[in-house]
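Report on the following structure.
The values are calculated or read from the model by the stated rules, or taken from the named source; none is laboratory data. These numbers come from a predicted model, not from an experiment. Cβ coordinates were reconstructed from backbone atoms using ideal geometry, including for glycine residues, and neighbour counts include every protein chain displayed. SASA here: full protein model, heavy atoms, side chains in, ligands and nucleic acids out. Shrake-Rupley method; radii C 1.70, N 1.55, O 1.52, S 1.80 Å.
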Amino acid sequence: DAKTTQPTSMDCAEGRAANLPCNHSTISGNEYVYWYRQIHSQGPQYIIHGLKNNETNEMASLIITEDRKSSTLILPHATLRDTAVYYCIVPPLAGGTSYGKLTFGQGTILTVHP
Amino acid sequence: DTGVSQDPRHKITKRGQNVTFRCDPISEHNRLYWYRQTLGQGPEFLTYFQNEAQLEKSRLLSDRFSAERPKGSFSTLEIQRTEQGDSAMYLCASSSDRGNQPQHFGDGTRLSIL
């Protein structure tokens, strides 16, 4: 798996955009970047994933740099319910024996405050 | 909601007892994964199934652990002769095997060993 590096924690004011960075400098050409979050006492929740183009869905936007060595997850209008641990993951490619295995690091603890 | 369902949500047992957890994946998903999460850490991969075939097992899965998915639908994870160190959240996830589809997680079974 490509190693990912994220800040340990971040703060954001309610209603403002939360921008969570992730470095994945060893990513290979066909590996996707996935983002999950985990709210206390719940299972991880899938947010978004992308390969090289920017992606947007109802939850967030994902901006991947042109060299694909880093990405940013954007929550456009953070709410208190977005307080969670956010994980950036680059899983192994399809076809290998470890395909689909997710390796979670420590993630970023995002705290949204009023 | 037809998300991933896990049962029970909580299990408290005495050291040395056997426990079994059940996971019902999203119905059209043929891949099923088990993870374990201890306090303050991200989830760690244990094993995964493609339909009924168990294709990979982590070194974390000692001989006391066994997972099955007999008909390629629901799965069970059994721990025999439980130890204090088995106390954790056990998470199940499922995904389609088409392309790079994300895994979707249940809310886990929290195991406490007395």
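Here's the yes/no breakdown for (1) modelled with pLDDT of 90 or more; (2) over 15 Å from the mean Cα position of the chain (by Cα); (3) open to solvent by less than 20 Å² (accessible area, probe 1.4 Å):
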site: A:TYR34; (1), (2), (3): yes, no, yes
site: A:TYR46; (1), (2), (3): yes, no, no
site: A:LYS52; (1), (2), (3): yes, no, no
site: A:GLU55; (1), (2), (3): yes, no, no
site: A:ASP67; (1), (2), (3): yes, yes, no
site: A:ARG81; (1), (2), (3): yes, yes, no
site: A:ALA94; (1), (2), (3): no, yes, no
site: A:GLY100; (1), (2), (3): no, yes, yes
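Conditions (1) of a type in the set (A, V, I, L, M); (2) away from every other protein chain (no Cβ under 13 Å), marked per residue:
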{"residue": "B:SER66", "(1), (2)": "no, yes"}
{"residue": "B:GLY72", "(1), (2)": "no, yes"}
{"residue": "B:ILE79", "(1), (2)": "yes, yes"}
{"residue": "B:THR109", "(1), (2)": "no, no"}
Tally the residues that are touching a Ser or Thr at 6+ places or on another chain (Cβ under 8 Å), among the acidic types (Asp, Glu) and within 13 Å of B:ILE12 (Cα to Cα), restricting the search to segment B:71-99. 0
Residue set A:ILE39, A:ILE89; condition in contact (Cβ under 8 Å) with a residue 60 or more places away in the chain, under 21 Å from B:TYR35 (Cβ atoms) and within 13 Å of chain B (Cβ to nearest Cβ); output residue A:ILE89
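Does B:SER94 count as within 21 Å of A:PHE104 (Cα to Cα), away from chain A (no Cβ under 13 Å) and hydroxyl-bearing (Ser, Thr, Tyr)?
no
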Quick check on my filter: what residues within segment A:1-32 are hydroxyl-bearing (Ser, Thr, Tyr) and either within 15 Å of the chain's Cα centre (by Cα) or buried (at least 20 other Cβ atoms within 10 Å of the Cβ) (or both)? A:THR4, A:THR5, A:THR8, A:SER9, A:SER25, A:TYR32
Which residue pairs have Cβ atoms closer than 7 Å, lie 6 or more positions apart in sequence or on different chains, and pair a first residue in segment A:95-114 that is closer than 22 Å to A:HIS40 by Cα and β-branched (Val, Ile, Thr) with a second residue that is at pLDDT below 90 and part of a loop (DSSP other than H, G, I, E, B)? A:THR103/A:ASP1
Among residues of segment B:41-74, those that are open to solvent by 40 Å² or more (accessible area, probe 1.4 Å), of a type outside the set (Gly, Ala, Ser) and part of a loop (DSSP other than H, G, I, E, B), counted: 9
Only one residue in B:GLU78, B:GLU28 is charged (D, E, K, R), assigned to a strand (DSSP E or B) and either at pLDDT 95 or above or under 23 Å from A:GLY100 (Cα atoms) (or both). Which one? B:GLU78
Which ones in segment B:4-40 are in contact with a strand residue (DSSP E or B) (Cβ under 9 Å, 6 or more places away or on another chain), surrounded by fewer than 15 Cβ atoms within 10 Å (Cβ to Cβ) and within 13 Å of chain A (Cβ to nearest Cβ)? B:ARG9, B:HIS10, B:THR38, B:LEU39
